[in-house]
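The values are calculated or read from the model by the stated rules, or taken from the named source; none is laboratory data. For clarity, every value in this text was computed on a predicted model and none was experimentally measured. Just so you know, the surface numbers come from the protein's heavy atoms only, side chains and all, with ligands and any DNA or RNA stripped out. Shrake-Rupley method; radii C 1.70, N 1.55, O 1.52, S 1.80 Å.
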Amino acid sequence: RKTEVLVAKKEYKKALELINNYPNISNGYNYHHHEYLEKMICFHNLNKVDSAIYYANKLLKEKCKRSTLITVYDILSNQYYNLRKLDSAYKYSKLTLNEFNIAKEHKEKTYQLLYNNDFEKAKKLNHLITEQESKSKISLIIFISLFSALSLSFLYYYFYIKRGNKTI
């Protein structure tokens with residue numbers, strides 16, 4: 001509970017120090033699920049992308065409640081977006097929205113607690129990712145078109161201008 005308080009206070013480094021002490025205070029309790037969740041959140045907020053992704057993936061191997069899955073997927077979508085890995089960001093963004101919708105259908109508390117705060121952010125990120133993917137495709141098409149035009153110009157210059165000078 002102390003780590004949750006430190007996270008709420010945005011004291012992530014102190015929270016990590018306490019989390020790293022879990023093995024000494026666990027009393028046989030399986031703390032790994034909680035450890036991975038708290039570390040993922042701390043590293044996410046400290047902008048330690050690789051560590052946040054690492055602990056998110058470890059957490060996905062554990063059995064998780066829907067609210068935890070929503071948090072994990074949301075963090076993964078944000079971290080992959082920060083890395084400009086739009087395909088992975090989009091994948092986890094879709095999973096986030098899917099879990100929200102399932103929670104909504106089942107009228108889970110998760111839906112009520114998280115929907116108002118995070119659903120709109122998740123939708124916005126999803127939209128931003130698809131928008132950037134579209135821009136990337138358009139940029140690629142423009143690049144290919146420009147490259148083709150330059151190539152044709154070079155060929156025209158080489159065959160007609162250079163060749164014309166040699167025959168004169």
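Figures for the structure shown
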| quantity | calculated |
| --- | --- |
| Computed lengthening from N98 to K13, 0.36 nm per intervening residue step minus Cα-Cα distance | 27.4 nm |
| Per residue solvent-accessible surface (Å²) - the range 11-106, probe of 1.4 Å | 56 Å² |
| HN-Hα J in Hz across the range 67-83 - Karplus 6.51, -1.76, 1.60, θ = phi - 60°, x for Gly and Pro | 4, 5, 4, 4, 5, 4, 4, 5, 5, 4, 5, 5, 5, 5, 5, 4, 7 |
| Stretch gain in nm, segment E105-L60, where the contour uses 0.36 nm per residue and the Cα spacing is subtracted | 13.9 nm |
